[in-house]
Amino acid sequence: MLTRKLPPLQRVLLKVSAQAASHLASQKYDVIVVGGGHAGTEAAAAAARVGAETLLITQKIQTIGALSCNPSLGGVGKGHLVKEVDALDGLCGRAGDWAGIHFSILNRSKGPAVWGPRAQMDRERYRHFIQSELLSTPRLTVVEGSVEDLLTAEPNPDEAGHHRVIGIRLVDRSHPILASSVVLTTGTFLSGSLFMGQTTSPGGRIGDPPSCAGLSHTLREKLALKVGRLRTGTPPRIVKDSVDFSLAQIQAPDKQPTPFSFMNSHTRCKPEEQLPCYLTYTTPGVEKVVTESLHLNCHIKEDAKGPRYCPSIESRVMRFPGRRHQVWLEPEGLDSDLIYPQGLSMTMPPDIQLRLIREIPPLHRAEIHTPGYGVQYDFVCPTQLTPALQVKRTQGLFLAGQINGTTGYEEAAAQGLWAGVNAGRFALCLPPVTLSRTESYIGVLIDDLVSRGVTEPYRMFTSRAEFRTSLRPDNADLRLTLRGFEDVGCVSSWRHQEAVRVRDGLKDAFVALQSLARSAPRWKEKLGNVGISDTKSGIMNGSDLLQYKDVSFEMLADAFPECLSPFMEFSQRLKIEAVYRPHCELQRREIERIQREEGMSLPQDLDYLSLKVSLSQEVREILDRARPSTLGAATRLPGITPAAIVNLLSFVQRTGDMRERQAHRRHREQKETEEEPALCASSVSLPQ
């Protein structure tokens with residue numbers, strides 16, 4: 001995968017664009033995808049993999065796959081999404097392995113369930129890889145254009161909805177382009193505005209115009225969708241040679257890069273070729289510049305909600321005065337002369353930006369290549385979508401990415417893939433598919449959006465998943481690839497075969513481990529001084545032993561080479577699986593129990609604040625305020641923990657059994673009372 005050559009993109013892009021333009025009006029497509037960002041590229045590729053004839057329309061072909069803001073991929077929670085997109089045969093994981101220049105696993109001091117695979121990207125390599133993949137995808141056509149309007153017709157009476165999408169109309173094109181379904185992935189371009197100081201201009205990214213105003217008007221007026229406004233921002237790009245890295249803390253990458261893709265055993269960037277990142281901090285001078293320039297900053301005064309977890313430096317200073325804030329100095333590519341200062345998103349005038357960054361020691365002589373700026377854009381409230389990411393009111397219209405109120409490449413890619421899958425299936429008259437939050441982070445993401453909505457840009461965290469010990473980065477292929485091939489239709493046969501090989505190999509390895517049964521003293525004799533208690537009784541097998549922190553699969557394979565050496569390629573996965581297996585089994589039973597009882601009614605007279613059950617005060621207040629009608633509705637409330645749901649389920653079942661017994665007893669007593677007078681009456685002699 002990593003050794004193949006990329007085609008000369010300039011020539012291929014021009015060829016595809018020219019060919020497609022001449023056939024747009026005469027051909028009906030199954031799926032049209034609008035937008036070439038992370039959501040759009042995954043949506044177009046997924047729809048084509050499902051078997052749909054797909055058209056991707058983007059304002060600039062050369063910016064397809066561009067990393068518009070941070071030159072990185074993955075992270076805590078976000079890395080889980082990248083692994084799951086890859087398990088479903090998506091693009092971003094393999095692109096990350098091709099373009100990565102600094103790989104690290106975040107949260108490594110914690111359990112593997114919350115590890116965060118992350119990598120700095122070479123912007124140009126990433127963009128070239130995505131474009132090459134798209135342009136070599138069967139059934140996918142890519143053209144430049146700006147969409148002016150959606151074409152609609154009367155809905156299919158057999159399906160829910162007030163409208164049916166039948167295609168799109170491009171700006172300055174008289175002929176419509178017809179399709180059975182449309183996926184909108186407009187990112188920050190939907191009625192986008194750029195902010196810098198007191199200057200405002202239309203646009204979704206610096207140098208690019210916003211989407212046509214007609215599209216936003218269609219969503220609001222013709223389709224009657226509830227549309228809101230969100231904001232985000234980006235830092236200035238700094239000239240690398242003007243930074244004094246000796247005044248910052250060097251952050252080295254992992255010595256051995258860990259690939260994102262399950263199909264890759266190594267990354268394109270060799271371990272010794274990786275570039276370092278650097279850590280520095282803001283100073284009181286930064287806070288002084290922010291407070292003195294607030295009157296010159298229109299973006300920060302706007303009502304539109306910004307991201308809580310990636311806020312601008314102005315927002316951070318205002319929210320946490322007197323605090324020192326981290327700033328990461330990240331390379332933009334192997335040959336790039338620019339540095340990305342993560343943590344310094346700002347929208348003040350360019351001269352004030354320069355003053356601010358020079359208050360940070362390593363940047364005391366820094367020069368700005370491109371100033372930072374803010375973006376405001378329209379989003380569609382995602383509670384108007386089904387779990388297939390289709391608009392409830394409009395048949396055949398799907399939305400993905402920042403248009404749904406999320407932030408981040410990974411969240412956009414995950415939605416794009418799933419919207420593309422369902423748009424393709426809709427066009428091919430196949431039923432929609434959904435992902436449960438018990439089986440994937442993608443399921444958690446989509447369920448959070450469509451059932452809870454957003455009040456600020458949504459970002460994925462591991463804490464959002466109730467069953468995260470089961471939803472680990474290492475097992476995304478076993479959770480999703482087989483289903484993606486058999487039920488969804490978006491996974492290639494060669495990836496499916498590899499997933500089956502891995503699944504069967506892990507099963508055989510555990511059979512071999514469980515065949516190695518010994519007492520604790522015998523194990524200590526065999527392995528040396530491992531942390532098994534001398535008082536440990538009973539027989540332990542190799543799988544049990546792997547649960548000990550100081551026992552590795554390599555140790556067991558050295559002791560039993562004939563039995564275990566064939567499975568060395570799975571050593572880390574076997575260790576992780578063994579550690580989590582008892583927890584996953586308990587969690588699996590809880591999942592099955594909750595799934596069985598998801599429709600259980602919750603009595604509306606429950607006094608959650610004084611309920612005699614183990615619930616935190618925060619959970620009690622959430623339940624009391626929301627008054628969920630069913631257990632399933634309770635699980636989807638933000639702040640409700642898995643433990644709370646299990647305890648609530650047990651209480652309601654116990655209370656229900658007690659109420660049933662009481663009702664049965666009252667019924668029996670009433671029946672006996674009714675029968676007693678009748679018996680008495682039959683025994684009395686009537687007068688003659």
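Overview of values
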quantity: The stretch 212-357 shape via C-alpha gyration tensor axes, a/c threshold 1.5; calculated: oblate
quantity: Along each principal axis, Cα extent of the stretch 302-459, largest first, Å; calculated: 61, 38, 28
quantity: Among L151, V171, P117 - extreme Cα towards positive end, dipole of the stretch 105-191, charges at beta-carbon; calculated: P117
quantity: Residue-normalised accessible area of the stretch 57-172, expressed per residue, 1.4 Å probe, Å²; calculated: 32
quantity: Check: the chain dipole with +1 on Lys, Arg Cβ and -1 on Asp, Glu Cβ, in debye; calculated: 420
quantity: Residue-normalised accessible area of the stretch 451-511, expressed per residue, 1.4 Å probe, Å²; calculated: 40
quantity: Value at 222 nm in deg cm²/dmol, rounded to 500, when DSSP H runs of n ≥ 4 in the chain each add -39,500 (n - 2.57); calculated: -11500 deg cm²/dmol
quantity: Sparse-neighbour loop sites [trypsin sites (Lys or Arg not before Pro); the stretch 517-573; at most 13 other C-beta within 10 Å; DSSP]; calculated: K536, K549
quantity: Heavy-atom accessible surface of the stretch 409-520: percent carbon and sulfur, 1.4 Å; calculated: 54
quantity: The chain: antiparallel DSSP beta bridges as a percent of all, rounded to 5; calculated: 70
quantity: Shape category assigned to the stretch 68-127 from the gyration tensor of Cα positions, a/c cut at 1.5; calculated: oblate
quantity: Around A44: net Lys/Arg minus Asp/Glu count, Cβ-Cβ under 12 Å; calculated: -2
quantity: FRET efficiency estimate (nearest 0.05) - Cβ-Cβ, I206 to K28, R0 41 angstrom; calculated: 0.70
quantity: Amide H within-cut-off set for Y373, under 5 Å, with H built and near neighbours excluded; calculated: T234, M346
quantity: Protein accessible area in the stretch 587-651, 1.4 Å probe - carbon and sulfur %; calculated: 49
quantity: Förster radius 45 Å - calculated FRET efficiency between Q326 and D534 (Cβ-Cβ, nearest 0.05); calculated: 0.45
quantity: Listed residue pairs exceeding 20 Å between alpha carbons, taken from K78/K226; K78/K110; K78/K507; K78/K270; calculated: K78/K226; K78/K507; K78/K270
quantity: Net length gained if the chain between Q497 and Y281 were fully extended (0.36 nm per residue, minus Cα distance); calculated: 72.9 nm
quantity: Potential lengthening between Q198 and A517 on full extension [0.36 nm per residue; Cα-Cα distance subtracted]; calculated: 107.6 nm
quantity: Label zone at Q572 (point 7 Å along Cα-to-Cβ), backbone N below 19 Å, the stretch 233-261; calculated: 252-261
quantity: Degrees between helix 441-452 axis and first principal axis of the chain (Cα, 0 to 90, nearest 10); calculated: 80
quantity: Simple label model, 7 Å out from Cα along Cβ direction - K392 to E592, nm; calculated: 3.3
quantity: Residues whose placed amide H lies under 5 Å from that of T406, excluding near-sequence neighbours; calculated: Y458
quantity: Mean projected area in nm² (Cα convex hull; one quarter of hull surface) for the chain; calculated: 43.4
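The values are calculated or read from the model by the stated rules, or taken from the named source; none is laboratory data. Keep in mind that this is a model prediction, so the values were computed, not measured. So basically every Cβ, Gly included, is an ideal-geometry build from the backbone, and we count neighbours across all protein chains shown. Accessible surface areas use protein heavy atoms only, side chains included; no ligands, DNA or RNA. Shrake-Rupley method; radii C 1.70, N 1.55, O 1.52, S 1.80 Å.
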